[in-house]
Every structure is written in structure tokens, then in C-alpha cells.
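The structure appears below as C-alpha cells.
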Amino acid sequence: CVCIIKNKQNNMKSLLLSWIGASLAYGASHSRNVALPKVPTRTDTMPQNQQNEAPPEIPSGFTAPPLLAGRPQIVIDAITHNRPIYYFGVGSNLSRDKLENRAICGHKIAPLSFEAAVVRGYRLAFNMEGFPPLEPAMGSLELVDPAAVPQGPAQFPGGECHGCLALLSGEDYDRVMRSEGVGSKSPFNNDPERGYEEVVVRAHPYGGGPAVDAVSLRLKRKSRLAVDRAPSQRYMGLILSGAEELGLTPEYRAWLAAYPTQRSPAVIRRLAVYNLVLGGFTTKWKLVKICFLARMLLIKALFVPSAGNIVAQAFSNLAMGFVFLPGGILGYAKLKTRHWTGFKISPMMESMLRQHTDYFSKI
């Protein structure tokens, strides 16, 4: 009654006050006999065969439980019961150190085992758009299509992908996936057809042991580039280091070493980093969306890979310089005034500044 009364018009004030008093008095005298409406519990909305299962625990460092809808069953079982699960990593996750420090909650990942393996019928694809010219593309697992006409850089022959096979606890697997944007809500992406999806693959360990089912990450349809791009030299360096550490085959490492990488002028990379300082790590969602749209425009209209025409590259660099210049100036000013504004540089941002600029050498 109180909720209904509060929505009435103000000119009925006297009537409402009397009604409230009567309602409260009546409610007090009948409180023990009033049946509360039934609130659906988790078991009310679950299938009959899952009603006895406990909800997944929230890993330390997080405030929300993982999202399980639409994920592979072995993932649901591993996270719900904290069971070990195999993860097949590609790209920078070839490095054990990189994987161990993958979690975004400050909790270090502790693989139960870590070894080299090969997955047939898939390939390492650089088809995830990044932030050019700093990171034109990231690695992902992609199905091999024998009927497709080869485009972009040459693929590894044999239709297979080599990577790391890591056995993780259910909680650590959840932490790794959240760092990849899987299994948690993201304010940056509400499109269910964008981002990564988990795929179950058959991984064959190098040591000749039995093949196992493992989970890897493939880009969803709207996130895949039509043609693979050249990754940055930094990113390829991480992959090559991890491949050597893991002991991948000499043929696979030679293919990685020969893969083309993006080479952009230092001044363009410097302006790009200062643009990230200005808007890429802000908490103002509206500004983030504007920066995202600007980035998409840059990717589609201005960026030309290093493997492209030399004249086109020159015009691309000039155009990117004009686009980056205003934000670069403001980003640099934001850094110079951070002692007064309280702006804090994240570890990732500091790493990018040290790699692409001389900002810290001038402090």
C-alpha cells in the first residue's frame, strides 16, 4: 500500500497520510499471518538434473560470479566444481611467465602442468584487430578452410597450430578467461557476436602422450578480420620467446620468425601512445566510446600495413599523424601535470610509454 500511495498526486496529501497510518496499523497487527510472495531461487530456474549442484564460487579478487550460459560443458563443470581443465594457449600465452601473470585481479596463475602440444585442423591467425600502429593485430585460433583462397601472410603448412597445453584449476581457468574478456560482463562490448568464444579442441602433447580435450579461444564472427594482418614487432617477439622457451619445433619457430611484422615511424607510435594516455584508459564511458569509434575509423580508412604499397604507407603515416596530433599533445600534457591532477599511470601504460617514448628518461 505504501508503494502505491507514494505514486499518488500531491494534492491528496491529507488522504494519503490517513491511509498510510491505517495501513501500517493493519500490517503490524497481521504481520505474522501474511504470506510473503515466493521468490524464485536458483533451483527454480535450473533443469531438474542440476538442481542439487551448488553455484560456482566467486574467485578471490572478483566481486561477481562467472557467467556460464552458452559455454562448453567441460568449462561449466570445471568452474562450478573447481576441477582441473586443459587450456590450449597461442600467441603471447606461449610464455609460462605471461600466462602466470595473466589474471587481472592480482592473483598469480599456477599451472598444474605446462607443455608443448599441437592441434590439427586449426591455425594461428593474426585476425584480431588491435590499436594500429602500435598493435595492428593479435593472435587467435582459427579453423583451417582447405577450400579458401590464401590471402595475407603465408600460413603454416600442414593445417595445424602449435602451442602450450596448460592444466589449470577451475578457478585459475576462470581468471585467465576473464582477462581475455570471457565469462564476465564488459562495459566496452555488449555485442554477443564480438570478442572471444571458447572452443574445445583435441590437443596432442609433444611427448607422445594421449591426446586430450582442451579449451582454446577463437574470435567470434564480427571480431574477425577478413584478412590476417602483420602483428607488431613487440608482439611477435613475445611469441618467438615463448615458442623457444616451450621448445616448439624448429619448423614452426622458423615460420614465426619469417612472418612479416608491422614497422611504423617512431613519431607515429609516440603520438599513438599519448592518445591512449588521454582517452584509452579513462573511466568516462562516453569518451571511451568516442575513442573506440575514432579507432575504428582509423583502422578502416587510414591504416596501411607495412607489407602494403610504399606510397600508400607514406600517405597513411601522414594522415595518422594529423589524427593523433591533437590527442597526443593533450595526452602529453596530462602526463606532465599528473603530480597536480593525481593521474596514475597503470603498469601496462608505463610499459608502453617506456617502449615507444622517452617520457621517463626526461623525468
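Every number here is computed from the coordinates shown, using simple stated rules; none is lab data. Model, not experiment: these values are computed from the prediction. A quick note on method: Cβ atoms are made from the backbone with ideal geometry, for glycine too, and the neighbour counts reach across all protein chains shown.
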* Roughly how many nanometres apart are two label points built 7 Å out from the Cα toward the Cβ at ILE329 and LEU240? -> 3.8
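Which pairs, out of LYS108/LYS344; LYS220/LYS336; LYS222/LYS334, put more than 29 Å between their alpha-carbon atoms?
Working: LYS108/LYS344 23 Å; LYS220/LYS336 40 Å; LYS222/LYS334 34 Å.
Table pairs above 29 Å Cα-Cα are LYS220/LYS336; LYS222/LYS334.
Counting other C-beta atoms within 10 Å, and keeping those with at most 15, which DSSP coil trypsin sites (Lys or Arg not before Pro) do you find in region 313-363? Show your work: numbers first, answer last.
Values: sites: LYS334, LYS336, ARG338, LYS344, ARG354, LYS362; in loops: LYS344.
Here the trypsin sites (Lys or Arg not before Pro) that fit, given the DSSP loop and packing criteria, are LYS344.
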* **Under 15 Å from the Cα of LYS185 - aspartates and glutamates, other chains or at least 8 residues apart** => ASP174, GLU193, GLU197
* To do: Determine the gain in length on full extension of the stretch GLU160-LEU112; use 0.36 nm per residue of separation and subtract their C-alpha separation, reporting nm with one decimal.
  => 14.8 nm
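Once the other residues with Cβ under 14 Å from the Cβ of SER346 are scored (Lys, Arg +1; Asp, Glu -1), what is the net sum? Show your work: numbers first, answer last.
Values: positive: LYS334, ARG338, LYS344, ARG354; negative: GLU350.
In short, +3.
Only loop residues by DSSP count here, and only those with at most 15 other Cβ atoms within 10 Å; note down the trypsin sites (Lys or Arg not before Pro) in region 99-149 that meet that. Before the final figure, lay out the partial values.
On the way: sites: ARG102, LYS108, ARG120, ARG123; in loops: ARG102, LYS108.
Taking region 99-149 and a limit of 15 other Cβ atoms within 10 Å, the loop trypsin sites (Lys or Arg not before Pro) found are LYS108.
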